[in-house]
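The values are calculated or read from the model by the stated rules, or taken from the named source; none is laboratory data. Just so it is clear, the model here is predicted, and its values are computed rather than measured. All Cβ positions, glycine included, derive from the backbone under ideal geometry; neighbour counts span all protein chains shown.
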Amino acid sequence: MKPELTNLTFSIWDILRMNLGWMIWNSFLAWIPLGLSVWLFRGKPNRSLIWWLGLLVFYGFLPNAPYLLTDVIHLIDDIRAVQSVWLITLVLIPVYSIVILSGFGAYTLSLINLGYYLQRNGKSEWVAWVELLTHALCAIGVYLGRFLRFNTWDFITDPNALAASLIDDVLGKVPLLIIGVTFVVISILYWIAKRIILGVIEQRLAQVASRKQGVDNGKKI
C-alpha cells in the first residue's frame, strides 16, 4: 500500500510541477484587468490622461482572461500522458477547472464593473454594445496569443509586427472563422457567467438587507 501511495504522491507532484508555473502566470495576467477595472470604473469619475492610459492597459491585458479557456488543450495533452483515471478525475480536471473558471470569472467581473461605470454615467444603452465590442476585441486577442504567439506587451514593444500580423495573418478565411467561433463562445459563456454572478450578488445583498431590517425592528421593539 505504501509504495502505491508514494507513487501516487510523486505522480501528483509531477503533474502540478509541470503545470503550476504557467497556470499561476496566466492567472496573474488574467486578474490584472480586474484590478484595473476596480480602479477605472468603481472609483470617482476622473477621465484624466492617466485614466485613458489605464483604460488602454486594461484592454491590452483583458484578452488574457478568456485566453485561459484555450488552455484546455494542455488538459487534453495531460490526459493523454496520464494513465490513471483517479489522477485525471481528482487532480487534473479540478485544477484546470479552478484556473479556467477563475480567469473567466475575472473577465466577467471586469465587464460588470465597466457596465456599472457606463450606467453610472447615463450610458446604459451602451452596455450591451460595449460588451459585444469587447468580446470581439478579446476574440482577436486570443487568436493573436494562441495561434500567432504574441504577448500582451507586444503592442508596446513590437507594434509594427503586431500590426503586420493583423493585416496579413488575421484577415484570412480560417483566422476569421476561428475568431468568429471564439467570439460566439466568449459571448455565450459571458452571458451565463454574468447572470450567475449578478444573481449571487443580488441574493447576498438581499440577505444583508433582510438582516439589517431584522436588527432595526429589534431595536424598535
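Counting only residues that are out of contact with any helix residue (DSSP H, G or I) (no Cβ under 8 Å at 6 or more places or on another chain) and farther than 28 Å from Tyr117 by Cβ, which one in segment 33-84 is modelled with the lowest pLDDT?
Here is the first cut: in segment 33-84, the ones out of contact with any helix residue (DSSP H, G or I) (no Cβ under 8 Å at 6 or more places or on another chain) are 35, 43-44, 46-50, 52-53, 56, 73, 76-77, 80-81, 83.
Retained after the next criterion (residues that are farther than 28 Å from Tyr117 by Cβ): 73, 76-77, 80-81, 83.
On the way: Ile73: 89, Ile76: 86, Asp77: 84, Arg80: 82, Ala81: 78, Gln83: 74.
Here the answer is Gln83.
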Do you know which residues across segment 88-107 are among the small types (Gly, Ala, Ser) and without any contact (Cβ under 8 Å) to a residue 12 or more places away in the chain?
-> Ser97
Could you please find all residues in segment 69-103 being surrounded by 14 or more Cβ atoms within 10 Å (Cβ to Cβ), polar (S, T, N, Q) and assigned to a helix (DSSP H, G or I)?
-> Thr70, Ser102
The residue that is surrounded by the fewest Cβ atoms within 10 Å (Cβ to Cβ), considering only those in segment 123-176 that are part of a helix (DSSP H, G or I) and touching a Pro at 6+ places or on another chain (Cβ under 7 Å), is Gly145
Given (1) of a type in the set (Ser, Thr, Tyr); (2) out of contact with any Leu (no Cβ under 9 Å at 6 or more places or on another chain); (3) surrounded by 21 or more Cβ atoms within 10 Å (Cβ to Cβ), Tyr116 misses just (3)
Under 9 Å between Cβ atoms, at least 6 apart or on separate chains: pull out the pairs that start in segment 108-131 with a residue that is touching a residue at least 60 places away in the same chain (Cβ under 8 Å) and end on any residue that is acidic (Asp, Glu) and surrounded by 15 or more Cβ atoms within 10 Å (Cβ to Cβ).
-> Leu111/Glu131; Leu114/Glu131
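Quick one: would you say Phe10 is exposed (fewer than 15 other Cβ atoms within 10 Å of the Cβ), modelled with pLDDT of 90 or more and more than 16 Å from Thr108 (Cβ to Cβ)?
Working: exposed (fewer than 15 other Cβ atoms within 10 Å of the Cβ): yes; modelled with pLDDT of 90 or more: no; more than 16 Å from Thr108 (Cβ to Cβ): yes.
No: the conditions fail for Phe10.
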In segment 177-196, how many residues are at pLDDT 95 or above, surrounded by 13 or more Cβ atoms within 10 Å (Cβ to Cβ) and aliphatic (A, V, I, L, M)?
-> 4
